[in-house]
Amino acid sequence: QVQLVESGGGLVQAGGSLSLSCTASGSIRSISTMGWYRQAPGKQRELVARITGDGIANYEDSVKGRFTISRDIAKKAVYLQMNSLESEDTGVYYCQINLRPWSQYNFMDYWGKGTLVTVSS
């Protein structure tokens, strides 16, 4: 069974930095797109950053120049380096990986349970 586990959330002052990690475990045949989403209090979940199977990264406008997504396919891991954090970045951050388990014919989206990031102003 495939599982995604995030780590690295916490409390940080505005202007500070945090690094998030997400590692997938289980019987995984292939990995495609990997991404990070966040859900702020009272708001819908939104895409923060995504990296495609070809290694192309895309970012939500408000985090461009501040956040960097990276991955290590061999480790089945995706990372999010967050710099110059703002109070508006507060929320629960979820990793999402589109992958194909050995037990399935198709690629499927898997989600972590989330890690809380709190930015104090």
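The values are calculated or read from the model by the stated rules, or taken from the named source; none is laboratory data. Small disclaimer: the values here were computed from a predicted structure and weren't measured. FYI the Cβ positions are ideal-geometry reconstructions off the backbone, even for glycines, and counts take in every protein chain you see. Note: areas computed on protein heavy atoms with side chains; ligands, DNA, RNA excluded. Shrake-Rupley method; radii C 1.70, N 1.55, O 1.52, S 1.80 Å.
Computed from the mean reciprocal separation of all distinct C-alpha pairs, what Kirkwood hydrodynamic radius does segment 17-57 have, in Å?
Details: mean 1/r = 0.0810 Å⁻¹.
Its Kirkwood hydrodynamic radius stands at 12.4 Å.
Heavy atoms only, probe 1.4 Å: what % of the accessible area of the chain goes to carbon and sulfur, would you let me know? Intermediate results must be reported in sequence, preceding the final value.
Values: 3030 of 6630 Å².
Reported share for carbon and sulfur atoms: 46 percent.
So for segment 1-120, considering every pair of alpha-carbon atoms, how many percent are separated by more than 24 Å?
Details: 1609 of 7140 pairs.
Here the long-distance tail beyond 24 Å is 23 percent of all Cα pairs in segment 1-120.
Residues of the chain: accessible area per residue at 1.4 Å, in Å²? Intermediate values should be presented prior to the final figure.
Numbers: 6630 Å² over 121 residues.
Here the residues of the chain average 55 Å² of exposed surface.
Say the dipole of segment 1-86 comes from +1 at the beta carbon of Lys and Arg and -1 at that of Asp and Glu; which of I28, A49, N83 then lies farthest toward its positive end?
I28
Output the direction-averaged projected area (hull surface divided by four) of the convex hull of the alpha-carbon atoms of segment 1-69, in nm². Before the final figure, lay out each step's value.
On the way: hull surface 23.8 nm².
One quarter of the hull surface, i.e. the mean projection, equals 6.0 nm².
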